[in-house]
Every structure is written in structure tokens, then in C-alpha cells.
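Taking it in order: structure first as C-alpha cells, then the write-up.
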Amino acid sequence: MSVSAFEHPFLSGLVGDDETGRLFSAQAEIDAMLAFEGGLARAEAAFGVIPADAAERISAVCSTFQPDMAGLRQGTGRDGVVVAELVKQLRGTVGGEAEKHVHFGATSQDVIDTALMIRLKKVCILFAERLAALEKALGEIDAKFGARPLMGHTRMQAAIPITVSDRIRAWKEPLTRHRQRLDAFSENGFAVQFGGAAGTLEKLGEKAAEVRKALARELLLADAPQWQSQRDRLAEFAGILSLVSGSLGKLGQDVALLAEMGGEMELAGGGGSSAMAHKQNPVAAEVLVSLARFNAVQLSGMQQALVHEQERSGAAWTLEWLILPSMVMATGASLRLAAELAGNVRSLGKR
């Protein structure tokens, strides 16, 4: 059993998303951290910071290395971060003269933050694709049923007749803006973190900026000066996640209300009741509302995590680890459920 509903043996069938979850698995994080170490070695060798043969050895080991997970768990409990134990194990496998060049000039936060950015960039691509597909699906519903009349409601009361197109526009247009937000953020929001012990890259001297830029190229990330205590990028991305799930929550709320009133919407599927066989509960629509409210609550925690004291905060940093993956998972699940819901629309509006 898992404490997280997103990974729970059966609750994950409701609020989970396998494709998003794989990007936040332990293996995905380790792979991203090893990509950092291999990329760092190659970038440093390119500017003569470490020997080329050492970089080749480090890079080769990073491409196949499988750490001792029990050791990582014990090391994290001891050190507060996983990287110290990971680097220890990596150095032991690299061996020889190259061993001392592993992780040169870097610190734990460089590895963890950059590994996060590598995975969040993949999340951004995935979510933008899903938003585009959902926009298309809603457009197809509009083309089929858009001219039909629908009762408009204001403040939960019947107002005046509108069309299905009017309602779909309120669902679809925010999704287009969110996809554009993701596209804009991806231009420079996913930046490499490389600052060393206190953000000054003191061990690299005059070559620091060149090595950082080369490392960013290696990892397909944006180049930026160290941002280890500047967490606005992550808070901004979390805000976009909350906007996406919030707009999908509005869609879910509308669908649930249409299902309650009856006569204006027909859906395939739906959840069964253990007590009332005749019922088809609008489960996906309801969960969209729940996930929207979940992310709205979590967003305040990401704002709290902006407060990093001095050059590094263990407390604020750990808070991000607790919150951001869950927000990503909630958004992935929202996009999955919204796509399923759109695919299940059989009729909308009055015939």
C-alpha cells in the first residue's frame, strides 16, 4: 500500500496516470542525475577542467550504472539528500584516476535540481501534447453539436438559452492559453542548475560560465547563472499546472451538473453504484473537480517554498519535493480524465 493516492494499488486507477508517473519514478530520477554527472564530465573535459580519458570513463559508467537502492535510502536518511551516497557509489564503480574527477565542482543541489528540470521538460512536452489533443476533441464535439440549444445558467439558476458552442468555448479557450503558457515557459524556464558549493563555481575559475553553457547543451536545457535559492521558475511552473487542472475542473463541474439535470447531455461509460444498479455516476467529471481543488491548495505550498534563506534552504527545498511531484501527477491525471470524458460524449444540447 502507498501513502500517495497517485501510486495507490487501486486508487491510482482513479487519480493516477502511468505515463506521468514514469517521469517521477525513482529510476527516472536516477537516470536524470546520472545524465547530469555524465554531461558534466564531458563539458568539463571540453574545456580542459578534467582529462578527456577520465570524462570518457565517467560518461561510459553513467550510461549503465545501477546504484544500490538500499544504500541510497540509508544515505538519504543520513545526509538529507541522495547525491552524496550516489556519487560515492559512482566513484567506486568508475575507479582508477578518473574516480577523483566524478562530480568535480558540483554540489548535491546542482544534481537534484537539474535532474528535476530534465524531467519537468518532458512533462511540459507531454502536457502540451495532451492539451492540443483535448482542444481537438472539444472542437470535434463543437462541430457535431455546437448549433444545438442549451440552457445557460448564472449563479446556479436557469438564465437564457445559449448554444453548445457557447459552453464549449468556455471549456476550450483556456486550454489554448495554457498550452501557449507551457510553450513560452519551455523557451527558457527549464534551466540547468550549476553553482557548486555556494553558487559561485569557485573550483572552475574563469571557465565556469563556459562549462555551465556546455553542460546545458549536453542536457538540452537553457543556460542560466545559478538559481539554487531563486525558486520562482518552479513556482511559476506550478502555477501553470494549477491553471490547467483548474480549467479542467471547470469542465468537470459543468459536466457533473449537466448529468444531474439530465436531458441535455448523454455520456457513455460512467461509474456504477453498489446500491443502485440504475445509476451511472459522472466519476471522471467529479474527479476533475477534486484534482483542481487539490492543486489549488498545493500551490500555496510552492509559494511558501520560495522563501530560501541565504544560499540554500534545506527546509524549503524539501517542501518542494513533497509538493511539486504531486501537482504534476494531479495535472497528468486531469488531462487523462478530461480526454476520456470528451471521448465519451454521445450527445450534447437539446435535439
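The values are calculated or read from the model by the stated rules, or taken from the named source; none is laboratory data. Not measured: the values here are computed from a predicted model. Neighbour counts are summed over all protein chains in view; Cβ atoms, including those assigned to glycine, are modelled from backbone coordinates with ideal geometry. To get the accessible areas, we keep the full protein, side chains included, count just its heavy atoms, and leave off ligands, DNA and RNA. Shrake-Rupley method; radii C 1.70, N 1.55, O 1.52, S 1.80 Å.
Please give the residues of the range 158-173, grouped as numeric ranges, whose backbone N is less than 18 Å from a label point set 7 Å along the Cα-to-Cβ vector of K144. The answer is 164-169, 171-172. Note on D53 and R22: with the Förster distance fixed at 35 Å, the Cβ-Cβ geometry gives a FRET efficiency of about 0.50. Once the C-beta distance of V3 and E266 is scaled by a Förster radius of 25 Å, the resulting FRET efficiency is 0.05 to the nearest 0.05. Taken over the C-alpha atoms, the range 103-206 has Rg and Dmax values of 22.9, 69 angstrom. Does the range 214-351 come out rounded, prolate or oblate by the C-alpha gyration tensor, with a ≥ b ≥ c the root eigenvalues, rounded set by a/c under 1.5 and, if not, prolate when a/b is larger than b/c and oblate if not? It is prolate, given that a/c is not under 1.5 and a/b is the larger ratio.
Straight-line cross-link reach from K88 at under 20 Å between alpha-carbon atoms covers these lysines, not counting any fewer than eight positions away in the same chain: K100, K203. A 1.4 Å probe, protein heavy atoms only, puts the accessible area of M117 near 0 Å². The slack in the chain from Q303 to T154, taken as 0.36 nm per residue of separation less the alpha-carbon distance, amounts to 50.4 nm.
Split the accessible area of the chain by element, probe 1.4 Å, and carbon with sulfur accounts for 54%. Placing a label point 7 Å from the Cα of K203 along the Cα-to-Cβ direction, the residues of the range 89-109 with a backbone N closer than 13 Å are 91, 99-109.
Across the range 34-130, the volume of the C-alpha convex hull divided among the residues equals 116 Å³ per residue. Summing charges over neighbours of F194, with a neighbour being any other residue whose Cβ is under 10 Å away from its Cβ, gives -1 when K and R count +1 and D and E count -1.
Heavy-atom accessible surface of K203, to the nearest 10 Å², is about 130 Å², with a 1.4 Å probe and all protein chains retained. Using a probe of 1.4 Å on the protein chains alone, the accessible area found for D68 is around 90 Å². Solvent-accessible surface of the chain, averaged per residue with a 1.4 angstrom probe and all protein chains in place: 47 square angstrom. Taking only alpha carbon atoms, the range 147-219 gives an Rg to Rh ratio of 1.47, where Rh is the Kirkwood radius.
Measuring from a point 7 Å past the Cα of E210 along Cα-to-C-beta, which residues in the range 37-59 have an amide N at less than 17 Å? Output list for this probe position: 40-52. When you restrict to C-alpha pairs under 8 Å that are six or more residues apart and normalise by the size of the chain, the relative contact order lands at 20 percent.
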